[in-house]
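The values are calculated or read from the model by the stated rules, or taken from the named source; none is laboratory data. Note that the structure is a prediction, hence the values are computed from the model and not measured. Reconstructed Cβ throughout: ideal geometry from the backbone, glycine too, with neighbour counts over all protein chains shown. To get the accessible areas, we keep the full protein, side chains included, count just its heavy atoms, and leave off ligands, DNA and RNA. Shrake-Rupley method; radii C 1.70, N 1.55, O 1.52, S 1.80 Å.
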Amino acid sequence: MNFRIAIARLWHEGNSFTPIATRLADFRQREWHLGEAVPAFYRGTRTEIGAAIDCFARNGALTPIYLRCTAAGPGGAVEEADLQAVLCEIVDGVRSAQPDALYLSLHGALIGTRTLRADLELIRAARAALGAKPLALSFDLHANLDPAVAGAADIVVGYKTHPHVDMYETGWKTLTLLERALRGEIEPVVAIAKAGAILPSFNMRTADGPMAEIEALAAARTTGVVLDATPFGGFAYGDSPCAGAAVAVTADGDRAAAQALAVELAREMHARRERFAVRLPTPMQALRDLVRTAKPAAILEPADNPLSGGVGDSTALFREVLKAKGLRAVFAFFWDPQLVARCEPGKRMRIELGGRLAPAWGPPVALEVEVERVTDGRFRNAGPMERGLEVNLGRTAVLKSGALRVIVTTSRQAPNDPEYFRLHGIELGALDMVCAKAKNHFRAAFGALFDPIIEVDTPGPAAVNLTALPFRHLPPGLR
């Protein structure tokens with residue numbers, strides 16, 4: 001028997017504290033594909049949709065219907081009109097296709113400028129268009145899951161790794177369970193329990209620490225009727241009524257067992273909540289106490305990390321780097337499309353970097369520079385995270401001031417892949433230090449190359465001190 005499965009993707013992580021709304025143009029720049037353009041773009045990538053393409057290629061009993069597949073890098077809330085346009089396109093596609101089942105690839109922390117439960121709105125509308133046929137969902141580990149999702153979905157699967165190197169495996173498992181449901185081999189049901197805590201992600205890596213313990217507990221209990229158990233750390237900078245950590249369990253026909261396990265694992269997360277909190281050094285402290293090794297050092301500025309909603313504009317770390325004279329260093333990056341547009345190789349300029357958007361994140365820094373290189377900003381990720389995915393930074397420039405080089409870009413994307421630096425003619429092994437607006441995902445590709453890797457505390461839209469942020473919509477009792 002042949003089954004027609006519709007595939008759609010809407011992936012965005014919304015930071016409520018950045019001043020720049022996400023627009024349709026941001027989705028179009030990163031991922032914006034429909035119909036046969038979907039396999040053409042995602043084939044060979046280690047992503048959820050890459051897994052779907054491989055799954056369909058190997059299984060002639062499944063026929064794909066590719067609806068809108070789109071993603072924008074994490075950033076501000078999606079402008080409401082743009083959000084509703086994408087939601088309507090996906091739901092209308094489901095209604096027109098009348099598939100046998102639907103797979104939605106979501107992030108889970110999507111917010112609009114007015115719609116704070118955007119993922120739930122899409123899921124409920126898709127369910128209404130689909131009818132009683134199976135609906136499978138996959139989510140990022142940092143999803144802010146609304147428990148109401150359990151009443152609309154048949155299957156929920158999430159990433160189990162941070163850095164996220166199992167996107168492909170997540171998509172594959174989601175579709176495998178969906179096919180089993182279509183064949184009548186399983187009768188999946190979903191339960192979701194909230195952990196009652198907002199967890200910062202600085203210490204949420206799954207190689208060790210509290211999240212590794214939670215993942216191990218969940219993996220050990222994924223047996224028998226339990227088809228999948230996913231702990232979700234949540235996205236701490238998404239101010240919404242469904243914010244906070246959660247656990248989703250998909251079970252075969254036993255909703256009570258699913259609910260009991262979800263509650264048990266959520267309690268385990270809550271019990272470890274204090275261990276997710278960290279204290280970071282200031283840039284001055286980190287550079288003062290830096291112990292050099294045979295490898296280059298990496299200083300990360302997570303408060304302005306684009307994958308947490310950062311905008312590439314804060315200057316606290318950069319000001320301290322300028323004081324470290326003589327170090328062969330690269331600063332990646334500043335976001336300044338107007339500056340990049342003025343850059344030509346060999347041109348000498350006096351410029352100001354950063355400090356354009358929010359005075360609290362630091363004033364602009366004046367600097368005499370020479371333009372070393374200009375690029376078109378295009379490369380393909382080497383991975384392991386999102387390996388094979390095409391990236392478009394827009395026009396970029398490498399500016400040189402003494403032994404320091406600064407990368408300036410037209411779009412806001414974290415420097416987490418080796419090809420980012422190769423594009424700019426930078427040999428990382430020949431440096432003394434790299435300073436990057438990045439966080440945990442940086443370690444997926446670079447953990448073995450740098451020693452030490454130090455995160456520093458600076459002002460920004462994803463700062464370590466959550467109590468300083470003006471939350472307005474959190475569930476009662478959360479902070």
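Quick notes on this one:
- Phi-based couplings in Hz for the stretch 339-344 (Karplus 6.51, -1.76, 1.60; Gly and Pro marked x): 5, 4, 4, 8, 8, 9
- Filtered trypsin sites (Lys or Arg not before Pro), the stretch 162-239: DSSP coil and at most 15 other beta carbons within 10 Å: Arg183
- Per the Debye formula on identical point scatterers at the alpha carbon atoms of the stretch 402-456, with no solvent, log10 I(q)/I(0) at q = 0.16, 0.28 Å⁻¹ is -0.49, -1.59.
- Pairs of Cα atoms nearer than 8 Å and 6+ residues apart set the relative contact order; for the stretch 335-463 it is 22 percent.
- Scanning residues 5 or more positions from Ala382 or on other chains, those with amide H under 5 Å from its amide H are Gly388, Glu419, with H placed 1.01 Å from N in the peptide plane.
- At q = 0.15, 0.17, 0.20, 0.25 Å⁻¹, base-10 log of I(q)/I(0) for the stretch 303-403 (Debye sum, equal scatterers on each alpha carbon): -0.70, -0.90, -1.18, -1.43
- Shape category assigned to the stretch 187-236 from the gyration tensor of Cα positions, a/c cut at 1.5: oblate
- The stretch 175-305, Cα convex hull volume normalised per residue, Å³: 155
- Under 5 Å, built H, 5+ apart or other chain: amide partners of Leu300: Ala436, Ile454, Glu455, Val456
- Whole-Hz ³J(HN,Hα) from phi, Karplus 6.51 cos²θ - 1.76 cosθ + 1.60, for the stretch 432-446, glycine and proline x: 8, 7, 10, 10, 9, 7, 7, 8, 4, 4, 4, 6, 4, 8, 10
- In this structure the amide hydrogen of Gly244, modeled in the peptide plane, comes within under 5 Å of the amide hydrogens of Phe235, none closer than 5 places in sequence on its chain.
- Once the Cα gyration tensor of the chain is diagonalised, semi-axes √(5λ) in Å: 38, 24, 20
- About the Cα centre, charge dipole magnitude for the chain (Lys/Arg +1, Asp/Glu -1 at Cβ), debye: 820
- Loop-exposed GluC sites (Glu not before Pro) per DSSP, neighbour cap 12 Cβ within 10 angstrom, longest uninterrupted part of the chain: 186-426
- Applying the Karplus relation 6.51 cos²θ - 1.76 cosθ + 1.60 with θ = phi - 60° to the stretch 447-457 yields 3J(HN,Hα) values of x, 8, 8, 10, 7, x, 10, 10, 9, 10, 9 Hz, where x marks Gly and Pro.
- Charge-dipole axis of the chain as Lys and Arg at +1 and Asp and Glu at -1 on Cβ define it, positive-most pick from Asn144, Gly383, Val365: Val365
- Taken as Cα centroids, the stretch 279-316 and the stretch 437-469 sit 6 Å apart, rounded to the nearest whole angstrom.
- Cα Rg, Dmax (largest Cα-Cα span) when computed across the stretch 69-144, Å: 12.3, 35
- Annotation: per residue accessible area for the stretch 1-152 equals 32 Å², rounded to a whole number [probe 1.4 Å, protein chains only].
- Per-q log10 I(q)/I(0), the stretch 1-156, q = 0.09, 0.13 Å⁻¹ (Debye; single scatterer per alpha-carbon; no solvent): -0.26, -0.55
- Value of [θ]222 nm, deg cm²/dmol, for the chain, DSSP H segments ≥ 4, -39500 (n - 2.57) each, nearest 500: -8000 deg cm²/dmol
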